[in-house]
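The values are calculated or read from the model by the stated rules, or taken from the named source; none is laboratory data. Being a predicted model, the structure only gives us computed values, none of them experimental. Every residue, glycine as well, gets a Cβ built from its backbone with ideal geometry; the counts of neighbours run over all protein chains shown. What goes into the accessible areas is simple: the full protein's heavy atoms, side chains included, and nothing from ligands, DNA or RNA. Shrake-Rupley method; radii C 1.70, N 1.55, O 1.52, S 1.80 Å.
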Amino acid sequence: MNSDNSAMIRFNQVNKWYGRDHHVLKNISLEVKQGEVVVVCGPSGSGKSTLIRTINQLEPVNDGEIWVDGVQVNHPRTNINRLREEVGFVFQHFNLYPHLSVLQNITLAPVKVRKMSQADADQRGMELLERVGLSNKRDAYPSQLSGGQQQRVAIARGLAMQPKVMLFDEPTSALDPEMIGEVLKVMQNLAESGMTMMVVTHEMGFAREVADRVVFLDHGEILEQAAPAQFFNNPQCDRAQQFLRQVL
Ligand code: ADP
Ligand code: MG
């Protein structure tokens, strides 16, 4: 099945077009090992969201292979719903259910999909709320929370399914500046707990401190992949240098 068990996520020569002419992902080959944290950065429109969304098949690809924990996700016989249970996704906008309380947001999928008992789901949900620093908000509704708090609930909700991988697409870019730190802190704790993570972000401080590797995407192509110290101190290609001048 999978030639290398240590790769939690693997892209093998992946290409994607939007329509006929827009080649949005170009020969992507990339591996994320179990427990690794990979930050994807690059200019707006470079294909970062598309790339990360292909992992749970929110975006189909035209050719190549994508594997998650030994299962080829873009194989016609792969059960996409099953796959999505294993892959947590946190978006820029939190997408919490507005009519459910914080705890209900977190327990809904484990009860409905994983058939966990409500009592077990509640207990686990409270542990997760503790972990993201929001145990006092269990009965609040999303509209009663700040953006940063909502995003921390969204992370807890993702974790409630006990995913193998957590994907983040610009999780802090819709937040007021004073709330960015609290969300990054939760993500850092998650990284330190050993979660395999792929994170699209412009927060280069987070990348420097938390990432094992930084991937630089430009016009749908991986131009550079390196450890953060190497990427930030000594970027190899012109476009990465230019990008870093703009964001740092
Ligand atoms: P990024 O996240 O790096 O800003 P995206 O992956 O969102 O980049 O987009 C990459 C390119 O693909 C952009 O030029 C964007 O306009 C285009 N694009 C994104 N989604 C679609 C879509 N559903 N249909 C057509 N073009 C798209
Ligand atoms: Mg994007």
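Numbers at a glance
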{"quantity": "Residue match in segment 152-159 (condition: open to solvent by 70 Å² or more (accessible area, probe 1.4 Å) and either hydroxyl-bearing (Ser, Thr, Tyr) or modelled with pLDDT of 95 or more (or both))", "calculated": "no"}
{"quantity": "Odd one out for Glu130 among (1) open to solvent by 30 Å² or more (accessible area, probe 1.4 Å); (2) in a helix (DSSP H, G or I); (3) out of contact with any Lys or Arg (no Cβ under 9 Å at 6 or more places or on another chain); (4) closer than 27 Å to Ile52 by Cβ", "calculated": "(4)"}
{"quantity": "Counted residues, segment 25-49 - those being outside any loop (DSSP other than H, G, I, E, B) and touching a Lys or Arg at 6+ places or on another chain (Cβ under 9 Å)", "calculated": "12"}
{"quantity": "Residue within segment 220-240 that is closer than 26 Å to Gln150 by Cα and at pLDDT 95 or above present", "calculated": "no"}
{"quantity": "Subset of segment 222-237 (residues that are assigned to a loop (DSSP other than H, G, I, E, B) and either surrounded by fewer than 19 Cβ atoms within 10 Å (Cβ to Cβ) or touching a Phe, Trp or Tyr at 6+ places or on another chain (Cβ under 7 Å) (or both))", "calculated": "Ala227, Asn234, Gln236, Cys237"}
{"quantity": "Pair list, Cβ < 6 Å and 6+ apart or interchain, from segment 139-160 residues that are of a type in the set (A, V, I, L, M) to residues that are at pLDDT below 95 and surrounded by fewer than 24 Cβ atoms within 10 Å (Cβ to Cβ)", "calculated": "Ala154/Phe94"}
{"quantity": "Unique match (being in contact (Cβ under 8 Å) with a residue 12 or more places away in the chain, open to solvent by less than 50 Å² (accessible area, probe 1.4 Å), hydrophobic (A, V, I, L, M, F, W, C) and not in a helix (DSSP H, G or I)) among Phe206, Phe168, Phe243", "calculated": "Phe168"}
{"quantity": "Complete set of residues in segment 50-73 that are surrounded by fewer than 21 Cβ atoms within 10 Å (Cβ to Cβ) and part of a loop (DSSP other than H, G, I, E, B)", "calculated": "Gln57, Leu58, Glu59, Pro60, Asn62, Asp69, Gly70"}
{"quantity": "Subset of segment 201-222 (residues that are within 16 Å of ligand 2 (Cβ to nearest atom), under 16 Å from the mean Cα position of the chain (by Cα) and not hydrophobic (A, V, I, L, M, F, W, C))", "calculated": "Thr201, His202, Glu203"}
{"quantity": "Some residue of segment 7-30 being within 16 Å of ligand 2 (Cβ to nearest atom) and under 20 Å from Gly158 (Cα atoms)", "calculated": "no"}
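Yes/no matrix, rows are residues, columns are (1) over 25 Å from Thr172 (Cα atoms); (2) of a type outside the set (A, V, I, L, M); (3) surrounded by fewer than 19 Cβ atoms within 10 Å (Cβ to Cβ):
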| residue | (1), (2), (3) |
| --- | --- |
| His93 | no, yes, yes |
| Asn105 | no, yes, no |
| Ala109 | no, no, yes |
| Gln123 | yes, yes, yes |
| Met126 | no, no, yes |
